[in-house]
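The structure appears right after this line, and notes come after that.
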Amino acid sequence: MTVTSEGLVEAKPALATVPVVMAASNYPVERGLVQSLGRPGGNITGMATFTSGTFEKRMQLLAEALPRVARVAVLRLPGDQNDYIVRDLERSAQRLGLKLQIIEVQRPGDFPGAFETAARGNAQAIMTAQGPFFLQHLKPFAELALKQKLPSFSGEPTAANAGVLMSAGASISASCHRAANYVDRILKGAKPADLPLEQSTTLGLEINLKTAKALGLTIPPSLLLRADRVIE
């Protein structure tokens, strides 16, 4: 048995006969890892950590936090995973009456130019898509956003600590803990094909009120009450 979180698309042929439990996964249906969330149909099952619903909820939280915002810049990475994320952010934004400005970055040195592009596009807020790159470079993202007076949003778990205004994302640690249930069931004889993937249905919400104060923003009390953590 293999327990993993990334790299399955490339490794799938080599794992054709090995039960695989995903402790975390991004768009497993779209990327061809499983036939569907309810019926995986092969030797792979586990946690569907990032799906369409994840990014729809994130956009809804942004709209609730900043009801006057109409234009949002989104920093994305190249690749199909971020293609799916942008697709779902745009669908949600359209329903909410928001306009998105999609800006691709590939390295930390791209951030200053990306923020200049956002400013030229009259962005009123800025968010990241998802990926280890953004997790590794939260600090410069947060600093540039504050310098440009742009409310910043991310799904990375330590974003608010880094100075980002708000982070809303699935808990990878909780996802890994839940994955242990799959390992136990498979070791007791269950087949991965018969075990529906479990979706992360709630997002951990963290809000940095220091950043909000620096931007002159008032976060709605209803949102503060629902936050898992508020940095003051």
Restricting to Cα pairs under 8 Å and 6 or more apart, the percent relative contact order of the range 168-232 works out to 37 percent
With the 8 Å Cα cutoff and a minimum separation of six or more residues, the chain has a relative contact order in percent of 23 percent
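Order these peptides, 72-83, 51-62, by their mean beta-carbon neighbour count within 10 angstrom, highest first.
51-62, 72-83
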P(r) of the chain over all Cα-Cα pairs, 10 Å bins starting at 0, rounded to whole percent, reads 8, 32, 32, 19, 8, 1
With +1 on the Cβ of every Lys and Arg and -1 on the Cβ of every Asp and Glu, the dipole magnitude of the range 154-232 about its Cα centre, in debye rounded to the nearest 20, is 60 debye
Computed about the Cα centre, the charge dipole of the chain from +1 Lys/Arg and -1 Asp/Glu charges at the Cβ has a magnitude in debye, to the nearest 20, of 420 debye
Restricted to pairs 8 or more residues apart or on different chains, the lysines in the range 120-232 with C-alpha atoms under 15 Å apart form a number of pairs equal to 6
Here the range 94-109 yields Karplus 3J(HN,Hα) values (6.51, -1.76, 1.60; θ = phi - 60°; whole Hz; Gly and Pro given as x) of 4, 5, 8, x, 9, 10, 9, 10, 8, 10, 8, 10, 10, 8, x, x
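What size of dipole, in debye to the nearest 20, comes out for the range 63-172 about its Cα centre when the only charges are +1 on Lys and Arg C-beta atoms and -1 on Asp and Glu C-beta atoms?
Dipole about the Cα centre, nearest 20: 360 debye.
Only the coordinates and a few stated rules stand behind these numbers; no lab work does. What you see is a predicted model; the values in this text were computed from it and never measured. Quick reminder, even Gly has a Cβ in these numbers, built from the backbone with ideal geometry, and neighbours come from all protein chains shown.
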